[in-house]
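**Q** Before we start, here is the structure in question, set down as structure tokens.
The values are calculated or read from the model by the stated rules, or taken from the named source; none is laboratory data. Only a predicted model underlies this, so the values are computations on that prediction, with no experimental measurement involved. Cβ sites come from the backbone with ideal geometry, for glycine too, and all protein chains shown count toward neighbours. Surface accessibility is based on the protein's heavy atoms, side chains included, excluding ligands, DNA and RNA. Shrake-Rupley method; radii C 1.70, N 1.55, O 1.52, S 1.80 Å.
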Amino acid sequence: MDTPLAPPAPSTSSPPPVMPEASVATATLLFVDDEPAILSALRRLFRPMGYRILLAESGDAALEILAREPVDLVLSDMRMPGMNGAQLQQVVRERWPDVARLLLTGYADISSTIAAIDQGEIQRYIAKPWDDQEVLLAVREGLERARLRQENRRLLALTQAHNEQLERRVAARTSELSQVNAMLEQAFADLRENFLLSIKVFAGLMELREAGQAGYSERVGQLARRLAAALKLTQTEQDDCYAAGLLHEVGKIGLPDALLRKPVSMMRGEDLALYRRYPLLGEAALMPLSGLRGAARLVRSHQERLDGLGFPDGLSGAEVPIAAQVVGVAAAYEGLQAGRLSERPHDAARARAVIRGAAGTYFSTAVVDAFECLLTTAPPPAPSDLELQASDLKPGMVMAQDLLSPQGTLLLAAGFVFDAGVINTIRELVAREGLGIVFRIRDTRPKAVAALT
């Protein structure tokens with residue numbers, strides 16, 4: 001198999017010097033220690049990294065600096081006269097919760113360390129004498145965690161604002177006709193009740209960041225559900241596979257755009273380490289939703305491998321759930337064709353060959369055999385759907401498949417039933433915007449009539 005689905009785990013040899021990205025290098029670090037020699041050593045260590053360095057010899061001095069200077073990370077000593085490190089970090093947490101907090105201690109005082117972790121929510125503590133690479137990496141990770149938290153809040157606020165803007169537009173366009181307005185209110189009520197449809201909408205929103213990837217998540221979800229059915233998994237497992245396929249990349253929402261555009265086979269070093277975290281972030285994002293907890297576990301494990309070289313947990317053999325392998329196969333097959341895993345996209349035949357070559361190492365032979373059988377078996381004949389323009393729509397007609405925007409967001413779901421109010425609104429929109437939308441409608445005519453047309 002000459003195209004890896006995911007690079008093997010990094011080696012345990014000594015890492016190269018940690019060099020921050022440009023955005024992180026502009027961060028401001030505050031070092032707090034009552035020993036000037038320690039502060040000087042820390043400043044010498046971090047100055048070449050491009051950070052802005054601030055120094056304080058006491059907790060009170062550190063708080064004065066924080067009150068007047070923007071600071072991204074505080075690295076404080078544990079034992080200091082007056083205010084100790086635990087007390088300082090507790091105040092920092094309460095007054096500046098976005099500031100990353102690390103602890104430097106030269107004492108084997110477990111009770112003080114526990115107090116610092118509990119009271120100040122310390123992200124990590126480092127023992128004196130420290131290892132330079134450990135300190136550099138700890139600061140880098142602390143800043144990255146803080147950046148991800150801020151990015152998450154920004155995206156949530158952006159999503160909320162986007163949703164509010166959409167609601168205002170809908171209300172404005174439907175206020176003229178009370179019948180249309182009532183229909184849209186019912187449609188929104190149905191949308192809230194239809195959990196699966198909400199998932200599909202969210203999956204489409206995630207694809208807005210990736211040009212040319214419209215429908216990718218839907219293809220992964222559909223393939224995962226079909227493969228789960230072929231393996232005779234339970235209905236709940238089939239539904240979880242579909243939802244996990246739709247949302248398997250939700251953990252990538254906080255990754256940089258440049259990293260998202262880079263194929264996995266070309267990732268190295270910190271890029272690869274950051275990429276390997278996305279299944280954990282995806283599980284954490286989905287676990288609060290009770291209806292998605294089964295899917296969340298599959299999102300966490302879909303990059304595991306039978307040979308133990310997967311991530312994030314390094315599971316092996318029977319430890320890798322069959323349903324997680326199902327999602328992994330579907331994501332790998334579609335990802336290879338979309339150019340996500342290798343430098344050049346694969347055609348369908350080559351992608352199938354790669355999956356076949358992964359049997360026994362990445363995926364179980366039973367799962368790969370079922371996948372092969374699924375793709376070689378002709379699907380049941382699909383109904384002869386009608387392709388209609390907006391002017392041909394009639395009340396009672398039913399959408400045969402999802403209608404997606406060019407960016408991949410869901411406009412109308414399969415199964416949607418048209419009524420006169422919706423048709424009038426669509427026709428007005430098509431005429432006003434000059435849209436060339438083709439609607440795939442279920443052919444409900446008698447077979448004899450359909451054969452004559």
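**Q** For the range 37-100, rounded, prolate or oblate, judged on the Cα gyration tensor with a ≥ b ≥ c (square roots of eigenvalues), a/c < 1.5 rounded, else prolate if a/b > b/c?
**A** Since a/c reaches 1.5 but b/c is at least a/b, the shape of the range 37-100 is classed as oblate.
**Q** Suppose all protein chains stay in the model; what accessible area per residue would a 1.4 Å probe give for the range 242-388, in Å²?
**A** 42
**Q** Further question on the same structure: State, as an integer percentage, the relative contact order of the range 47-92 based on alpha-carbon contacts under 8 Å between residues 6 or more apart.
**A** That works out to 36 percent.
**Q** Something else now. Just the accessible area for ASP313, please: 1.4 Å probe, Å², rounded to the nearest 10?
**A** Its accessible surface works out to 70 Å², give or take rounding.
**Q** Sorted by average packing, counted as other Cβ atoms within 10 angstrom per residue and highest first, what order do 52-65, 427-440, 81-94 take?
**A** The peptides rank, most packed first, as 81-94, 52-65, 427-440.
**Q** Could I ask something else about it? Roughly how many Å² of HIS162 are accessible to a 1.4 Å probe, to the nearest 10?
**A** Around 70 Å² of this residue is reachable by solvent.
**Q** Relative to the present Cα-Cα distance, how much length would full extension add between LEU374 and ASP307 at 0.36 nm per residue of separation? Mind showing how you got there, number by number?
**A** Numbers: separation 67, 0.36 × 67 = 24.12 nm, distance 2.46 nm.
Residue separation times 0.36 nm, minus the Cα-Cα distance, leaves 21.7 nm.
**Q** Also: Determine ³J(HN,Hα), in whole Hz, for all residues of the range 32-42 in sequence, where each value follows from phi through the Karplus function 6.51 cos²θ - 1.76 cosθ + 1.60 and θ = phi - 60°; x replaces Gly and Pro.
**A** Ordered by residue, 3J(HN,Hα) equals 10, 7, 7, 9, x, 5, 5, 4, 5, 5, 5 Hz.
**Q** Compute the distance in nm between two label points, each set 7 Å from the Cα along the Cα-to-Cβ direction, one at ARG52 and one at ALA37.
**A** Spacing of the two 7 Å Cα→Cβ label points: 3.1 nm.
**Q** Sort the range 244-400 into rounded, prolate or oblate with this rule: let a ≥ b ≥ c be the square roots of the eigenvalues of the Cα gyration tensor; rounded if a/c is under 1.5, and if a/c is not under 1.5, prolate when a/b is larger than b/c, oblate otherwise.
**A** prolate
**Q** Another question, if that's okay. May I ask you to order 342-350, 355-363, 232-240, 301-309 by the average number of other C-beta atoms within 10 Å around their residues, highest value first?
**A** 301-309, 355-363, 232-240, 342-350
**Q** About its Cα centre, what dipole magnitude does the range 223-342 give when the only charges are +1 on Lys and Arg Cβ and -1 on Asp and Glu Cβ, stated in debye to the nearest 20?
**A** So the magnitude is around 180 debye.
**Q** List the residues whose amide H sits under 5 Å from the amide H of GLY308, counting only those 5 or more places along or on another chain, with H placed 1.01 Å from N in the peptide plane.
**A** Residues meeting the criterion, in which the H sits 1.01 Å from N, are GLY317.
**Q** Could you pull out which residues in the range 122-166 have an amide N less than 11 Å from a spot 7 Å beyond the Cα of ILE65, following the Cα-Cβ vector?
**A** Hits in the range 122-166 for ILE65 at 11 Å: none.
**Q** Tally up the carbon and sulfur contribution to the accessible surface of the range 232-277 as a whole percent, 1.4 Å probe, everything protein left in place.
**A** Reported share for carbon and sulfur atoms: 55 percent.
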